[in-house]
Amino acid sequence: MPASRFLPHSALQSLLDALTARGYAVIAPQARDGCIVYTETRHADELPWGIRLEQDPGSSRTIKGTHRQAFAWANGPQALKPLVFAPSEPLWRISRQADGYAVKAAETPQRPLAVIGVRACDLAALAIQDRHFLHGPYPDPRYGARREGMLLVAVNCTHPASTCFCASTGDGPEAKTDFDLALTELDDGFVIEAGSAEGEQILAALPLQDARAAQVEAAAAGIRHAAESQTRAIPGRNLRDALMARLEHPRWQEVAQRCLACGNCTMVCPTCFCHAETEQPELDGSGSLHSREWDSCFGERHGYIHGKQLRPEISQRYRQWLTHKLASWHDQFGRSGCVGCGRCIAWCPVGIDITEEAAALLK
Amino acid sequence: MSNRTVNLNVPVLARVEGEGALDLSIANGEIAELRLRIFEPPRLFEKFLEGRSYLEVPDMVARICGICPVAYQISAVQALESVLGIEPTPWIRDMRRLFYCGEWIESHSLHIHLLAAPDFLGFANAIDMAGKYPDIVRRGLKIQEAGNAIISFLGGRSVHPVGVRVGGFWHAPSTAAAAKLLAELEALLPEAEALALWTVSLPLPDETQDFECVSLGHAGEYPITRGSIVSSRGLDIGIAEFDNEFQESHAPHSTALHCHHRGQDYLVGPLARMNLNLDQLPSATRKLLEACGMRFPSFNLFHSIVARALEIHAALVEAIRLLRSYAPTDAPYLEAAPRAGVGFGASEAPRGILWHRYELDGSGSIVSARIVPPTSQNQARIEADLRASLNRFGLDQPEHEIRQHAETVIRNYDPCISCATHFLKLNIKKKA
Amino acid sequence: MKAQRPRIAVHKFASCDGCQLAFLNAGEALLTLAQRVEILHFAEAGWLDPLAKVDIAFVEGSISAPHDIERIRAVRESAKFLVTIGACATAGGLQALRNGVKEAAGWVADIYASPQYIESLPESRPVSAHVKVDLEIWGCPVTIEQVLGATASLLNGVTPVNPGEPVCVECKRRGHACIMVTQNAPCMGPVTRTGCGALCPGVGRACYGCFGPAELPNAVSMAKHFEQAGLDKREVARRFLFITSAAQPFADVGRHYKENE
Amino acid sequence: MNSPHVPQTARIVERIQESDDIFTLRLRFSDAAVQDGYRFAPGQFNMVYLPGAGEVPISLSSDPEEREDFAHTIRAVGRVTRGLAALKPGDEIGMRGPYGRGWPLDEAEGKDVFIITGGLGCAPVVAVIHYVLKRRERFKRLVILQGVKHSHDLIWRASYERWAQATDTQVLIAANSTEALWPWHVGSPIDLVSQAEFDPANAVTMICGPEGMMVAAAKALKARGLNEADIHVSLERNMQCALGLCGHCQLGGHFVCKDGPVFSYPEVKVLLERGGL
Ligand SMILES: Cc1cc2nc3c(=O)[nH]c(=O)nc-3n(C[C@H](O)[C@H](O)[C@H](O)COP(=O)(O)OP(=O)(O)OC[C@H]3O[C@@H](n4cnc5c(N)ncnc54)[C@H](O)[C@@H]3O)c2cc1C
Ligand code: SF4
Ligand code: SF4
Ligand code: SF4
């Protein structure tokens, strides 16, 4: 095991520069519009220094903290998902020819991204999405193109929100695999380690110090504390049989009274993969553009077949969401679809809490 | 001169915004009856405003007119800010002017190309005109789109924009968006020059009349978002004094109210503005005016189309100036606690002065609202103009030509009937 | 050749003219459209033949005056496919705020000097209250993309799609910060139909529902949430009784709150 | 090259009107190499693409051994299918596929084949009837049970009458309501399961129809002593991509597009019996 190293806050820019020098567009968190967004970033001082996030069911507030850390918050509404699985994108264009049609696949932009600030829950979600989009019978070329060049700089979570429960799903707060670099933030910098050969090469280009034992211990303690301070938990790692035995539970009706069927939970969920396809004909009749966009099991297209809506009630749509995420996901991916990031709790406008609903259903 | 009797009825006026009709009867070589009849059902807006929060007003009044929603929003927020004691920052003032320039450009270009020009060139509509003058129509549509782009820059969309609020704008657009828009507008400036020169070349009827021009006037700027009320006959009053000088009445044949200045018809709109504020035009537009070889003030109403084209140019120059110095702000709007009071707002809609008055209670609810749009101010003038021009045109002309001429006269004012037919709360004594 | 082009008409009833602008603001696409179709009636743009038989009739505006009823029936008879454009034609529009208001009957008579000349029905109603509608395009105003997209589909011989998903979905696709969650703003996005491109959250303000109810709106829960967020009953009622106050799910909840303030 | 992600163009070589709203399109890929390499099994489907309208999943209805072309039998019900109905021979459309798991025809060899369909002319099973009749020697008895709501919904009536004459073939037809002179059963098709002549110990059943009917049929078959594993059903869900990616066709843990559309009954029994999933 290589000795741990330390990157002072003052040298964080060197990481951005090293990534840029290797041809990456750097994506990092910034505080904007009252939340944390992952966006193209050139300067380390654009990061959310001194910002904290207070998240509760249906509520998220950025507040100025007293500290000077850049990652003293848990997560924003989106992280990796939109970067690999585009919210909307063209698939092909078909154009009318003298005698029929010609189809041309849309190009996928292939700009390698380096993402700084990836959380353990997001890495776990990415692994699921990789499996879904890349390891089935028909690997998705667009996802693949974006994913292939992506470099991941994880930052272990030391400031979970009240909505977080990754400890109970086993996906965080520490990033264990699938990263190129992993950082743990202290008051004056980061304990940093590499998780891949490319990560090692980048480390070599940074002005690092050897981490002192106290720093290494403080980093570990920060992560430990993050796990211990989580107040929410999903009641069990595998709820498949328990939930499938409760498809007629009165709780579905009860939650449907509150649920707006707005789909926000699915949009922010880092593992949800549903999408719909759309067709836009040209007005001049010359052809048509075929695209896809994020869709949700709360929407009308999901359960529609001709002349029939298979899930006309909000209770049925909520049940689809919850049973897919926590039950049938096990059949598809050998694990739960929930990585404990808590996004669906914070970004549900009416604060419906998946951990609470699951617990109520198990009663 | 024949003594024939003509009963001309144009049940739906084409190429005007909203639904109006013209009734004209000629007996013994004289106009016996002439009515510009506005029959759009009243939409009762002022009544709906009562009891709503002042914050809801901009979204509601925008719906009075899809062609000039910006004008409604700006007149309204001004009036409400005056009650609340909000004094807009320079950023907010500049952005309002920019926003409004977009509407002038859009509305004027729409009127010139899609509504008015086909008259002068003998086409039934702009699509037919595009058959012979494709580049002219394309240029017009492009300029119109640029106006819409300016509105969308601040408002999200060009019809019923969502970006305006009492106190300023909901958000400050990004520098990147400003730079993109600026580049588009700069590329369009030569086109706007060419457009103005083209309008001068149109075969416009020669029809000079005597009337009063009324517009806003503001020291140091061509009047768009603010000013006092001035006229070609020496009027100069604050907007709160509107009622002392102007009177609205209900002509039975119309769902719009007519507005008179001390019993006389008067003109608002681009020609009135141009006549009264020539020295406030940007210097580039003044140069263009010289190149056009036109002389303002002009009392030939058909010169309105030239005035519109010059105003497009002026608005474009202004928009470019404002965008060149654009920087986002952290405070795109100001807030104030609601308080009771009465406030007035007036701005220059593309068609002329749009005057608002609101009374608020202490909780910020609207107690009463009154809106005087340009079309009701111009309506008496249109009827007077029609009488004069038709007499001059010759009442013995073939009926279809009289009709065509009458419609040309009306369209030239760019009357907006949607604006004209909302509910106006007035204390009118009913005739027994 | 020319005779084979599909024929269209654009009719106007009580409205602000803003939805017709989806055609007039379309720029180059307007010229493209004019090549693909034959326009027979579109008063604002210069075509006058209201009774002409057409393949597609677009209708803007609500039915709010007695003569409107005859006119909309004639439009229906003359058209193979009738499309309403905008909140007025689809849901009665903002002017439907007078519906069900007792005093409204007196408003006209009180104010106009000669009310006998003002023709107005007591309620402003959607086109579908009077005749069969083949496609309803929501929005106040509708967008160019919606109207020309639907037109392109129809010219292609295909019924246009009419998405009913909530604004939230599009808001998230665009990566906007949810202002309900970050600012406690009373946003109508969860129960409002998409189509605008999530404009309001995009400029940091609450959606005010101008595209009408979504496919499966839980307006009751939304209203309760607004109350919890600090709105009083009158304010809650006004959220629902605004641009599409006559659309059923909004009307029901809005009236309930108005009556129970 | 035939990519699963992008449609290939295919030309309509023949259009047959089967009934008022059902038609068959015979198609050939415009690219000869694609047509040459194209293989499918009965029960599989294509994403049929009408440019300007969109794609819909449609089963292949032709015999897999006819290599010159392939066919889809389509009912015009909505946006895309009505648009497809308006096409003429010579027109081009787009095509992606084939996708999914087809009927277990190998497994059925040497056994009785019992086909149950509900609703209007279930194209994928009709293809199986043709398949079996053409290779009669490979199979034992053939029982065809068709249920329709109303007698006038029965399409291919002449075919049923013809099949009923074939050796070792039994045709059972039921309609819930009928016109006069209806020679077959009035009532539910499930009633007829008891009349079917087959050997429950050596039979394969293939069912296609509304989910409620399939559940009821499976129950009746079990009552006849048929092993659940010998019952196969074809399911329908909304499909956007057909690649197992878009998520719309999920039924429990299954992606109907790639794990199905044909399932053995035990795989989906619990989910189907529950409904609303
Ligand atoms: C595996 C499979 C095989 C099928 N085989 C056949 C066949 O051989 N012949 C036949 O006539 N029909 C078949 N169908 C049904 C056929 O796909 C639908 O009738 C068709 O999608 C309706 O599309 P539409 O646009 O005409 O209808 P609309 O009702 O206008 O539907 C609009 C859109 O919804 C979706 N949609 C609607 N119904 C369905 C559906 N049942 N399945 C999936 N998506 C749907 C599609 O995206 C469609 O474009 C099959 C369906 C599946 C899933
Ligand atoms: S079905 Fe629902 S829960 Fe499952 S991936 Fe799709 S959107 Fe997410
Ligand atoms: S659970 Fe919450 S976020 Fe999800 S659809 Fe329901 S209200 Fe929307
Ligand atoms: S009010 Fe709602 S629907 Fe209307 S523009 Fe705003 S976000 Fe869109």
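The values are calculated or read from the model by the stated rules, or taken from the named source; none is laboratory data. No experiment lies behind these values; they were computed from the predicted model shown. In this analysis, Cβ positions are derived from the backbone assuming ideal geometry, glycine residues included, and neighbour counts consider all displayed protein chains.
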Kindly provide the set of residues from the stretch B:264-283 that are surrounded by fewer than 18 Cβ atoms within 10 Å (Cβ to Cβ) and in a helix (DSSP H, G or I), ordered by number. B:278, B:279, B:283
Could you tell me whether any residue of the stretch C:214-233 is at the interface with chain A (Cβ under 9 Å from one of its Cβ atoms), closer than 18 Å to residue A:299 by Cβ, within 21 Å of the chain's Cα centre (by Cα) and within 16 Å of ligand 1 (Cβ to nearest atom)? yes
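Per-residue answers, yes or no, for (1) within 11 Å of chain D (Cβ to nearest Cβ); (2) charged (D, E, K, R):
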residue: A:239; (1), (2): no, no
residue: A:245; (1), (2): yes, no
residue: A:249; (1), (2): no, no
residue: A:253; (1), (2): no, no
residue: A:258; (1), (2): no, yes
residue: A:265; (1), (2): no, no
residue: A:270; (1), (2): no, no
residue: A:273; (1), (2): yes, no
residue: A:277; (1), (2): yes, yes
Using the structure shown, decide if residue B:224 is more than 14 Å from chain C (Cβ to nearest Cβ), within 23 Å of residue B:106 (Cβ to Cβ), among the hydrophobic types (A, V, I, L, M, F, W, C) and in contact (Cβ under 8 Å) with a residue 24 or more places away in the chain. yes
Criterion first (surrounded by 22 or more Cβ atoms within 10 Å (Cβ to Cβ) and in the same structural domain as residue D:123 (by TED's automatic domain parsing)) does residue D:203 satisfy it? yes
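Filter the stretch C:1-21 for residues that are of a type in the set (Gly, Ala, Ser) and more than 8 Å from every other protein chain (Cβ to nearest Cβ); which is nearest to the chain's Cα centre (by Cα)?
C:9
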Which residue is farthest from residue B:79 (Cα to Cα), if the candidates are limited to the stretch B:10-37 and must be surrounded by fewer than 24 Cβ atoms within 10 Å (Cβ to Cβ), modelled with pLDDT of 65 or more and within 14 Å of chain C (Cβ to nearest Cβ)? B:23
Against the definition (assigned by TED's automatic domain parsing to the domain that holds residue A:26, in contact with a Ser or Thr (Cβ under 9 Å, 6 or more places away or on another chain), crowded, with 22+ Cβ neighbours inside 10 Å and modelled with pLDDT of 95 or more), how does residue A:154 come out, yes or no? no
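In the list B:101, B:68, which residue meets the criterion of being in contact with a helix residue (DSSP H, G or I) (Cβ under 9 Å, 6 or more places away or on another chain), under 22 Å from residue B:316 (Cβ atoms) and within 14 Å of chain C (Cβ to nearest Cβ)? Steps first, please.
Numbers: B:101 fails: within 14 Å of chain C (Cβ to nearest Cβ).
Step by step, each of B:101, B:68 is checked, and only B:68 is in contact with a helix residue (DSSP H, G or I) (Cβ under 9 Å, 6 or more places away or on another chain), under 22 Å from residue B:316 (Cβ atoms) and within 14 Å of chain C (Cβ to nearest Cβ).
Just to be sure before I move on: is residue A:72 of a type in the set (Gly, Ala, Ser), assigned to a loop (DSSP other than H, G, I, E, B) and within 26 Å of residue A:200 (Cα to Cα) in the structure I sent?
For residue A:72, the condition - of a type in the set (Gly, Ala, Ser), assigned to a loop (DSSP other than H, G, I, E, B) and within 26 Å of residue A:200 (Cα to Cα) - is met.
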Listed residues D:97, D:37; which is at positive phi and more than 16 Å from ligand 3 (Cβ to nearest atom)? D:97
If I filter the stretch B:106-135 down to residues being among the hydrophobic types (A, V, I, L, M, F, W, C) and away from chain C (no Cβ under 12 Å), which single residue comes out as farthest from residue B:401 (Cα to Cα)? B:112
Can you say whether residue A:131 is within 13 Å of chain D (Cβ to nearest Cβ), touching a residue at least 24 places away in the same chain (Cβ under 8 Å), in contact with a strand residue (DSSP E or B) (Cβ under 7 Å, 6 or more places away or on another chain) and within 30 Å of residue A:157 (Cβ to Cβ), as far as the supplied structure shows? no
Considering only residues that are within 13 Å of the chain's Cα centre (by Cα) and at pLDDT below 95, which ones fall in the stretch C:124-161? C:124, C:125
Selection status of residue D:182, over 22 Å from residue D:265 (Cα atoms), part of a loop (DSSP other than H, G, I, E, B), out of contact with any Cys (no Cβ under 6 Å at 6 or more places or on another chain) and not aliphatic (A, V, I, L, M): yes
For the stretch C:152-167, state whether one or more residues are crowded, with 24+ Cβ neighbours inside 10 Å, within 16 Å of ligand 4 (Cβ to nearest atom) and not charged (D, E, K, R). yes
Counting only residues that are touching a helix residue (DSSP H, G or I) at 6+ places or on another chain (Cβ under 8 Å) and either over 13 Å from residue A:262 (Cα atoms) or at the interface with chain A (Cβ under 7 Å from one of its Cβ atoms) (or both), the stretch C:163-188 contains a total of 15
Per the filter on the stretch C:132-160, residues in a loop (DSSP other than H, G, I, E, B), of a type in the set (A, V, I, L, M) and at the interface with another protein chain (Cβ under 7 Å from one of its Cβ atoms) are C:158
When you look at residue A:329, is it more than 10 Å from ligand 3 (Cβ to nearest atom) and aromatic (Phe, Trp, Tyr), yes or no? yes
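Among the strands (runs of 3 or more DSSP E) confined wholly to the stretch D:1-91, which include 1 or more residues that are within 11 Å of chain A (Cβ to nearest Cβ), under 21 Å from residue A:95 (Cα atoms) and at pLDDT 95 or above? Even if it seems obvious, please write down each step before you answer.
Values: elements: D:8-17, D:22-29, D:45-50, D:54-59, D:70-75.
Strands (runs of 3 or more DSSP E) meeting the threshold: D:8-17, D:45-50, D:54-59.
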Say we look at the stretch D:51-89 and pick out the residues that are of a type in the set (Val, Ile, Thr) and closer than 20 Å to residue A:102 by Cα; which of these is farthest from ligand 2 (Cβ to nearest atom)? D:80
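Looking only at residues in the stretch A:309-363 that are within 14 Å of chain D (Cβ to nearest Cβ) and charged (D, E, K, R), which one is farthest from ligand 1 (Cβ to nearest atom)?
Looking at residues that are within 14 Å of chain D (Cβ to nearest Cβ) and charged (D, E, K, R), I get A:335.
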Of residues in the stretch D:225-241 being away from ligand 2 (no atom under 16 Å from the Cβ) and out of contact with any Ser or Thr (no Cβ under 7 Å at 6 or more places or on another chain), the one nearest to the other protein chains (Cβ to nearest Cβ): D:236
For the stretch D:210-240 the number of residues that are in contact with an Asp or Glu (Cβ under 7 Å, 6 or more places away or on another chain) and over 21 Å from residue D:148 (Cβ atoms) is 2
Among C:209, C:195, the single one that is within 15 Å of residue A:349 (Cβ to Cβ) and assigned to a loop (DSSP other than H, G, I, E, B) is C:209
Only one of (1) more than 8 Å from every other protein chain (Cβ to nearest Cβ); (2) closer than 18 Å to residue B:169 by Cβ; (3) crowded, with 20+ Cβ neighbours inside 10 Å fails for residue B:55. Which number is that? (3)
